[in-house]
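A quick write-up on the structure given underneath.
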Amino acid sequence: MTPRTVVLTFDNLGEAAELEQGAWPAGRPRGEHPSVVTALPRLLDLLDELGLRGTFFVEAVNTIDYPDAVRSIAGRGHEVGFHAWRHEPWGELGADRERELVERGVAAFGELGVAVRGFRPPGGALTARRGDELRRSGFDWCSPLGRRAGIDERGMAQVPFRWELVDATYLYAPFRELRRGLGLPAEPLAVERFEERFWHEIDTEPDPTAATIVLHPFLSADPPVGEAHARILRRLRRLADDGIARIVTGAELADELRAAGRPPAAVLG
């Protein structure tokens, strides 16, 4: 039996999204966010223990607020991907603003000695340029909302995600309308119910190439969710050990798609 491919990814770090959304209290110090000071060290230790490597999509402002954390992610063998500067809603950006944020982000990571080649747009949508600016800045794969991994018409490897394989879909209180759209209760699910639904979606993933899962360190800072994340990662390790699944980074799958003789065309949106 051919093992199922699972792309292991993590989204968001620090205060970036709260700053962008105006939810960070005025005068509150930056640089002490629980997603970084509490959740990330535990998560990196567990990934080391399990021998798993993933892609961390990080907002570039974290190179200023948490440079050591960003270096630590890369230094422990994980891929660092670009997740906008401050979690800007990417699909709404004009051309000049997109160019500014891409160039600024690439330079900021470069100053830490961290190369980025993968991108995930906050909100899941690319701009109308569909990755042209990313390609010009050296990116060769991205992970927007979509239904099928492959190589697009611009030669960009697409490793898309579905909302059904994102932990925040089930657990993040503001995602009420998203849950309703999936036929779920508006209020966040109990952790046990989240795990059941999450594994069902992995087991029934319609993309024959890979299932891309998305976990959030800021959710993991809550102990029950952190324990659920740990159970998910340990189960992935067991599946890998049993030859049922293989766990890869986004860049690894992107390289495989590009190396294939006739890679499938990506289906996005």
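The values are calculated or read from the model by the stated rules, or taken from the named source; none is laboratory data. Note that the structure is predicted; figures quoted are calculated from it, not measured. Positions of Cβ are backbone-derived with ideal geometry, glycine not excepted, and every protein chain shown enters the neighbour counts.
Quick look at the numbers
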| read-out | value |
| --- | --- |
| Candidates PHE194, PHE161, PHE175, PHE218 - the one that is out of contact with any helix residue (DSSP H, G or I) (no Cβ under 7 Å at 6 or more places or on another chain), crowded, with 18+ Cβ neighbours inside 10 Å and hydrophobic (A, V, I, L, M, F, W, C) | PHE161 |
| Unique residue being out of contact with any Gly (no Cβ under 7 Å at 6 or more places or on another chain), surrounded by fewer than 17 Cβ atoms within 10 Å (Cβ to Cβ) and of a type in the set (D, E, K, R) when the list is GLU187, GLU205 | GLU187 |
| Residue within the range 67-83 that is out of contact with any strand residue (DSSP E or B) (no Cβ under 8 Å at 6 or more places or on another chain), without any contact (Cβ under 8 Å) to a residue 40 or more places away in the chain, farther than 30 Å from GLU196 by Cβ and part of a loop (DSSP other than H, G, I, E, B) present | yes |
| Answer residue from the range 241-269, given it is touching a Leu at 6+ places or on another chain (Cβ under 8 Å), modelled with pLDDT of 95 or more and farther than 24 Å from GLY123 by Cβ and is surrounded by the fewest Cβ atoms within 10 Å (Cβ to Cβ) among those | ALA245 |
| So PRO188, is it in a loop (DSSP other than H, G, I, E, B), more than 17 Å from LEU8 (Cα to Cα) and either without any contact (Cβ under 8 Å) to a residue 24 or more places away in the chain or not aromatic (Phe, Trp, Tyr) (or both) | yes |
| Filtered residues of the range 122-169 (kept if of a type in the set (Phe, Trp, Tyr) and either out of contact with any Lys or Arg (no Cβ under 7 Å at 6 or more places or on another chain) or under 30 Å from ARG231 (Cα atoms) (or both)) | TRP141, PHE161, TRP163 |
| Complete set of residues in the range 216-227 that are under 12 Å from VAL191 (Cα atoms) and touching a residue at least 40 places away in the same chain (Cβ under 8 Å) | LEU219, SER220, VAL225, GLY226 |
| So VAL36, is it of a type outside the set (D, E, K, R), part of a helix (DSSP H, G or I) and surrounded by 21 or more Cβ atoms within 10 Å (Cβ to Cβ) | yes |
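For (1) polar (S, T, N, Q); (2) part of a helix (DSSP H, G or I); (3) under 30 Å from GLU153 (Cα atoms), each residue gets a yes or a no:
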{"position": "PRO25", "(1), (2), (3)": "no, no, no"}
{"position": "ARG28", "(1), (2), (3)": "no, no, no"}
{"position": "LEU43", "(1), (2), (3)": "no, yes, no"}
{"position": "GLU49", "(1), (2), (3)": "no, yes, no"}
{"position": "ARG53", "(1), (2), (3)": "no, no, yes"}
{"position": "ILE64", "(1), (2), (3)": "no, yes, no"}
{"position": "VAL102", "(1), (2), (3)": "no, yes, yes"}
{"position": "LEU126", "(1), (2), (3)": "no, no, yes"}
{"position": "ARG130", "(1), (2), (3)": "no, no, yes"}
